[in-house]
1. May I ask you to verify whether Leu208 is open to solvent by 40 Å² or more (accessible area, probe 1.4 Å) and among the aliphatic types (A, V, I, L, M)?
2. Any chance you could count how many residues in region 109-136 are in contact with a Leu (Cβ under 9 Å, 6 or more places away or on another chain), at pLDDT 85 or above and open to solvent by less than 50 Å² (accessible area, probe 1.4 Å)?
3. Need pairs with beta-carbon distance below 7 Å; first residue over 18 Å from Asn158 (Cβ atoms) and within region 91-111, second open to solvent by 60 Å² or more (accessible area, probe 1.4 Å) and of a type in the set (Gly, Ala, Ser); sequence gap 6+ or separate chains.
4. Regarding region 196-209, can at least one residue be identified that is in a loop (DSSP other than H, G, I, E, B), over 30 Å from Trp93 (Cβ atoms) and modelled with pLDDT of 95 or more?
5. For residues that are basic (Lys, Arg) and touching a strand residue (DSSP E or B) at 6+ places or on another chain (Cβ under 8 Å), tally how many sit in region 133-176.
6. Just the residues that are over 11 Å from the mean Cα position of the chain (by Cα) and either charged (D, E, K, R) or within 21 Å of Arg60 (Cβ to Cβ) (or both), please, taken from region 125-140.
7. What are the residues in region 110-134 that are in a helix (DSSP H, G or I), of a type in the set (Gly, Ala, Ser) and in contact with a helix residue (DSSP H, G or I) (Cβ under 8 Å, 6 or more places away or on another chain), if any?
8. Can you pull out the residues in region 94-108 that are in a loop (DSSP other than H, G, I, E, B) and either in contact with a His (Cβ under 9 Å, 6 or more places away or on another chain) or exposed (fewer than 14 other Cβ atoms within 10 Å of the Cβ) (or both)?
Amino acid sequence: MNQRPIVLTLRALLPLTCAVFAVAIGLLLTADGPAPHLAAALFAGLYLMWLLAEAGITVRHPSQSAAENGTLLPYALTRAGTAVSAVLWPLPWHAWSVWLTVPVVVFSAAVTLRLAAIRTLGRFYSHHVVRYSDHSIVTNGPYRHVRHPAYTGMLLANAAFVAFFPNPLSVLFLLALCAVVVWRIRVEERVLWAVPGYSGYAGGRARLLPGVW
C-alpha cells in the first residue's frame, strides 16, 4: 500500500482534531457554571498540548518503507474519535468533585509514560510499522517492563480522558481503539519477531500490562 495517501490523511486529521479541541475549549470557557467548565477546559487544553507534542511524529514520513499500513488509519481515526467525541459531548457533571482529580492525575502520568517510551526508542519510534535495516532491541527505560509502553500510556491517557468526559459515544470509540491497538500490536510483532533478539526479549515481558497481557 502506498504510504503517501496515509501520511497526507494523517496530516489533515491532526489540524482538524486540534481545531475541534480549540472550539471545544472556547465553548467550555464561555459556558455557564464557570468552575466545572473551567476545569474541563484546562483538561482539554492538556490533551491539545499532548497532540501538539506528538505532531512532528504524526506527520513524519518514515525514512524506510513501512512493512504494513493497514492498521494506521483505523488507529488514527479511533484515537481521534475517542478524544473528539469526549470533549464535544455536554458535561455529565455540573459541580466539581475531588474524584475528578483522579483521571487528571492518571492522564498526566500516562502521557509522561508514553513520551518517555517515545524518547527511549528514539529514531526507531514511528506511527508506521517499520523494520529498519539496523533495527535493534531497546530494553531500557519503560521497555524493561513491557513491550509496548507507548501504547500503554496512550490507552491509559485516553481512558482517563473518557472517564472525565464520559458519554456513550466516547466509550464506544475507546473500546474500538483498544481493539485496534490489540490488532496493531499483533501485526507489529509479526514484523518485530524477525529482529534478532526480539523473541528472547518478548518472552519475559507482557505486551501492555504486567500480569494482564
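The values are calculated or read from the model by the stated rules, or taken from the named source; none is laboratory data. As the structure is a computational prediction, the values presented were derived from the model and not from experiment. Reconstructed Cβ throughout: ideal geometry from the backbone, glycine too, with neighbour counts over all protein chains shown. Note: areas computed on protein heavy atoms with side chains; ligands, DNA, RNA excluded. Shrake-Rupley method; radii C 1.70, N 1.55, O 1.52, S 1.80 Å.
1. Taking the combined requirement at face value, the residue does not satisfy it.
2. 3
3. Close Cβ pairs satisfying both conditions: Trp96/Ala35.
4. Scanning region 196-209 turns up at least one residue that is in a loop (DSSP other than H, G, I, E, B), over 30 Å from Trp93 (Cβ atoms) and modelled with pLDDT of 95 or more.
5. The number of residues fulfilling the criteria is 1.
6. Answer for region 125-140, where residues must be over 11 Å from the mean Cα position of the chain (by Cα) and either charged (D, E, K, R) or within 21 Å of Arg60 (Cβ to Cβ) (or both): Tyr125, Ser126, His128, Val129, Val130, Arg131, Tyr132, Ser133, Asp134, His135, Ser136, Val138.
7. Result: Ala110, Ala116, Ala117.
8. His94, Ala95, Ser97
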